[in-house]
């Protein structure tokens, strides 16, 4: 079960934040434009961390190939 959670930690956090933002929007704690801006930031951060993770993994594999 723990491996499943580790594999989806970024996605789970993004979903949780989206749900919280939606609740805040419905209850009137944040206006629509701020909601849209926050969702854009969340999506950008999610994509950037995925790209960064893949670049780091590629770098690790390249370094391993140099050691052989």
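The table that follows gives values for the structure above.
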read-out	value
Residue in the stretch 5-29 that is surrounded by the most Cβ atoms within 10 Å (Cβ to Cβ), counting only those that are at pLDDT 95 or above and in a loop (DSSP other than H, G, I, E, B)	29
Residue 46 being surrounded by 13 or more Cβ atoms within 10 Å (Cβ to Cβ), assigned to a helix (DSSP H, G or I) and either over 15 Å from the mean Cα position of the chain (by Cα) or at pLDDT 90 or above (or both)	no
Single residue of 59, 52 found to be surrounded by 10 or more Cβ atoms within 10 Å (Cβ to Cβ), over 19 Å from the mean Cα position of the chain (by Cα) and assigned to a helix (DSSP H, G or I)	59
Failed condition for residue 34, given (1) loosely packed, with under 10 Cβ neighbours inside 10 Å; (2) at pLDDT 90 or above	(1)
The stretch 30-42: number of residues that are outside any helix (DSSP H, G or I) and within 19 Å of residue 53 (Cα to Cα)	0
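The values are calculated or read from the model by the stated rules, or taken from the named source; none is laboratory data. Small disclaimer: the values here were computed from a predicted structure and weren't measured. Backbone-built Cβ (ideal geometry, glycine too); neighbour counts: all protein chains shown.
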